[in-house]
Amino acid sequence: MSRTSTKRPAAPLVPPDFVRERYAKVLPPGEVLALEALFVLRAGVQAIDNVVSRWLGDDALTPGRWQVLAVLWSRDRPVPQREIVEALKVSRANVSMLVEALQKEGQITASPDPADGRQVLVSLTPAGHEVTERLVRETAGKLRSSLALSDDELRLLADLMARIFK
């Protein structure tokens with residue numbers, strides 16, 4: 001597998017040796033591996049979340065807000081709020097808070113669905129569309145560089161993560 005020439009310092013072991021050693025004393029090897037994978041996944045998610053937060057900081061966005069904008073951008077039409085909940089696999093309350101914050105920032109509009117007043121339709125404002133279009137391109141490029149994986153490695157990573165979290 002080929003890697004880019006970017007060298008990064010070796011990451012500390014996750015979990016630390018003392019945790020790994022304790023696991024090995026009380027668990028079968030397969031279960032030790034599962035717990036090690038959990039530590040690595042959590043550390044990876046936190047690291048990526050921190051990096052993406054820094055990239056989005058100039059636009060005063062959080063990763064959650066950016067994901068809502070990306071869902072709306074990809075649909076290119078007003079979207080029922082429940083579709084955002086389904087797409088992001090988060091709670092209605094979480095999406096409601098994100099939608100409210102993005103409305104206050106002028107990135108989106110939300111209004112009752114004329115066909116079903118119980119539903120809320122959410123759409124990008126022109127400013128929201130512009131910022132999302134730019135950030136989709138910028139973030140994809142930065143993430144690609146940061147991950148420093150080949151196309152095959154990225155595909156494998158995506159496939160493995162999809163299997164784990166389906």
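I need the full set of residues from segment 10-29 which are assigned to a helix (DSSP H, G or I) and hydrophobic (A, V, I, L, M, F, W, C), in order please.
Of everything in segment 10-29, those that are assigned to a helix (DSSP H, G or I) and hydrophobic (A, V, I, L, M, F, W, C) turn out to be Phe18, Val19, Ala24, Val26.
Just for segment 65-117: of the residues that are aliphatic (A, V, I, L, M) and assigned to a loop (DSSP other than H, G, I, E, B), which one is farthest from Arg54 (Cα to Cα)?
Among those residues, the one meeting the criterion is Ala115.
Between Val32, Val45, Val51, which is of a type in the set (Val, Ile, Thr), in contact (Cβ under 8 Å) with a residue 24 or more places away in the chain and not in a loop (DSSP other than H, G, I, E, B)?
On the way: Val32 fails: in contact (Cβ under 8 Å) with a residue 24 or more places away in the chain; Val45 fails: in contact (Cβ under 8 Å) with a residue 24 or more places away in the chain.
Sole residue among the options that is of a type in the set (Val, Ile, Thr), in contact (Cβ under 8 Å) with a residue 24 or more places away in the chain and not in a loop (DSSP other than H, G, I, E, B): Val51.
Within segment 127-163, track down each residue that is in contact (Cβ under 8 Å) with a residue 60 or more places away in the chain, assigned to a helix (DSSP H, G or I) and not polar (S, T, N, Q).
If the condition is that a residue be in contact (Cβ under 8 Å) with a residue 60 or more places away in the chain, assigned to a helix (DSSP H, G or I) and not polar (S, T, N, Q), then Val131, Glu133, Leu135, Val136, Glu138, Lys142, Leu143, Asp152, Glu153 are the ones that fit.
Just to be sure I understand the filter: pairs with C-beta atoms under 9 Å, separated by 6 or more residues or on different chains, first member in segment 114-126 and under 21 Å from Ala101 (Cα atoms) and surrounded by fewer than 13 Cβ atoms within 10 Å (Cβ to Cβ), second member at pLDDT 90 or above and of a type outside the set (Asp, Glu). Which pairs pass?
Arg118/Pro112
Cβ contacts < 7 Å: first residue free of Cβ contacts under 8 Å to residues at least 24 places away in the same chain, restricted to segment 61-88; second residue part of a strand (DSSP E or B), any location; separation 6+ or different chain. Result?
Short answer, once both residue conditions are applied: Val71/Val79.
The values are calculated or read from the model by the stated rules, or taken from the named source; none is laboratory data. If you're wondering where the values come from, they're calculated on a predicted model, not measured in any experiment. Positions of Cβ are generated from backbone atoms using ideal geometry, with glycine treated the same way; all protein chains shown enter the neighbour counts.
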